[in-house]
1. Among the numbered conditions (1) at pLDDT 95 or above; (2) out of contact with any Asp or Glu (no Cβ under 9 Å at 6 or more places or on another chain); (3) more than 29 Å from ILE91 (Cβ to Cβ), tell me where SER167 comes up short.
2. Kindly list the number of the only condition in (1) surrounded by fewer than 21 Cβ atoms within 10 Å (Cβ to Cβ); (2) under 14 Å from the mean Cα position of the chain (by Cα) that fails for LEU29.
3. Would you mind listing the helices (runs of 4 or more DSSP H) fully within region 1-65 where at least 1 residues are in contact (Cβ under 8 Å) with a residue 60 or more places away in the chain and farther than 12 Å from VAL162 by Cβ?
4. Scan (1) without any contact (Cβ under 8 Å) to a residue 60 or more places away in the chain; (2) out of contact with any Phe, Trp or Tyr (no Cβ under 8 Å at 6 or more places or on another chain); (3) in a loop (DSSP other than H, G, I, E, B); (4) among the aliphatic types (A, V, I, L, M) for the single condition ALA101 breaks and write down its number.
5. Scan region 127-146 and give yes if some residue there is crowded, with 19+ Cβ neighbours inside 10 Å and in a loop (DSSP other than H, G, I, E, B), otherwise no.
6. Kindly provide the set of residues from region 147-162 that are assigned to a helix (DSSP H, G or I) and more than 13 Å from GLU119 (Cα to Cα), ordered by number.
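The values are calculated or read from the model by the stated rules, or taken from the named source; none is laboratory data. This one's a predicted model, so the numbers in the text were calculated from it and none came from an experiment. Cβ: placed from backbone, ideal geometry, glycine included. Neighbour counts: every protein chain shown.
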Amino acid sequence: MSIETLKNQLPEYAKDIKLNLSTLAGEELLTDQQKWGSFLSCALAGGNETVIQAVHAEVATRLSAEALNAAKAAAAIMAMNNVYYKFTGMIENPEYRTMSAKLRMNVIANPGVDKVDFELWSLAVSALNGCQFCVNAHEPILLKGGLSKEQVQAAVRIAAVVQATSSVLTGEAALQGTRPAMANAA
């Protein structure tokens, strides 16, 4: 499987998603590691098995073992952090925002790849998961680390298109009465 195979699985009504996948696979604002790590971390966060497998097949030869692991770690840690920090933002009682999270997040300090790349993947996953607090925490680090706003936007565009691909394929599986292609389905 690959991005090309994935595009071919999208129905005609999702033509814009297909075109955006092509455009983003050729994105040149990001380094290859930043781009393909964004694809993988967002595919994992999106949870669609077909998308995860296709994206992983595409990036497996494009990323080092360390970068593959770090992209997976970004998806994992943000799955936890996005829930926690969205909660602190949703709840009316402001005391929760002053409390220590008491959650291990060591990978953020030592991700095994360039810190800016890991922060970029974390921001993309946080945008996908709708966590404004995490997005606002990662964006200044990226700008201070030398990325432009256009580069940050490129990673979020990847998140948007990967998530749309996951949603379309999950919806199509449901309409066809097949087993949902969700990675976390029981």
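1. Condition (3) is where SER167 drops out.
2. Answer for LEU29: the failing condition is (2).
3. In region 1-65, the matching helices (runs of 4 or more DSSP H) lie at 3-9, 32-46, 49-59.
4. For ALA101, the failing item is (2).
5. Within region 127-146 (the criterion being crowded, with 19+ Cβ neighbours inside 10 Å and in a loop (DSSP other than H, G, I, E, B)), the answer is yes, since at least one residue qualifies.
6. LYS149, GLU150, GLN153, ALA154, ARG157, ILE158, ALA159, ALA160, VAL161, VAL162
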